[in-house]
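Working notes, structure below.
The values are calculated or read from the model by the stated rules, or taken from the named source; none is laboratory data. Every value quoted in this text rests on a predicted model; they were computed, and no experiment measured them. With ideal geometry, Cβ positions are generated from the backbone for all residues, glycine too; neighbour counts draw on all protein chains shown. We work out accessible area using only protein heavy atoms, side chains counted, and drop any ligands, DNA or RNA first. Shrake-Rupley method; radii C 1.70, N 1.55, O 1.52, S 1.80 Å.
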Amino acid sequence: MFNDIGPLELVTIVVLAVLVFGPDKLPKVIQDVTRTIRKIREFSESAKQDIRQELGPEFKDFEFEDLNPKAFIRKQLDNDDLGLKEIRNGFDLKKEMAEVTDAVNSRDTDTSGPSPAAAGRIDMTKQPEDGPGQDDRPPFDADAT
């Protein structure tokens, strides 16, 4: 519940509680707060049990944490029935990015000859085919602009 409270913040809360309630009333206030939190938890668990009973046996695996969209999606993606783990494990992002980088920089990863993967690559560098002095611009058409 208070996982993100640091030690300095906790000391600040204790000092403020002592200043606001005083040292003589502070134990009673702490007891009242803990009793209230316990009642809220009991009420919550009772409501969850009532909802599970009303839903029936077909929803016996229903978890209220699944109502959180992030938790629901995470649970569905981790499900082995869809085969998503095999697809995710079969896809090597670093290798794919290295191949794209090599294709852009027109480098081959294998220097002994063109590999089957390199044979289908497109040279994306801007190199003139007939020579460096040829003008490759299309003719200017004043009516088209």
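Ligands, DNA and RNA excluded, the heavy atoms of Phe21 present near 90 Å² of accessible surface to a 1.4 Å solvent probe.
Between Ile5 and Thr36, take the C-beta separation as r, use R0 = 22 Å, and let me know the FRET efficiency to the nearest 0.05. Rounded to the nearest 0.05, the efficiency is 0.70. Heavy-atom accessible surface of Glu99, to the nearest 10 Å², is about 60 Å², with a 1.4 Å probe and all protein chains retained. Spacing of the modelled spin labels on Asp141 and Thr101, each 7 Å from Cα toward Cβ, amounts to 4.2 nm.
When nucleic acids and ligands are ignored and a 1.4 Å probe is applied, Ile13 ends up with an accessible area of around 90 Å².
Between the beta carbons of Phe64 and Ile13, assuming R0 = 35 Å, the FRET efficiency works out to 0.75 to the nearest 0.05.
Once you order the gyration tensor axes a ≥ b ≥ c over the Cα atoms, which shape class does the stretch 1-76 get: rounded for a/c under 1.5, otherwise prolate or oblate by comparing a/b with b/c? Before the final figure, lay out each step's value.
Working: a/c = 6.67, a/b = 1.98, b/c = 3.36.
Verdict is oblate for the stretch 1-76.
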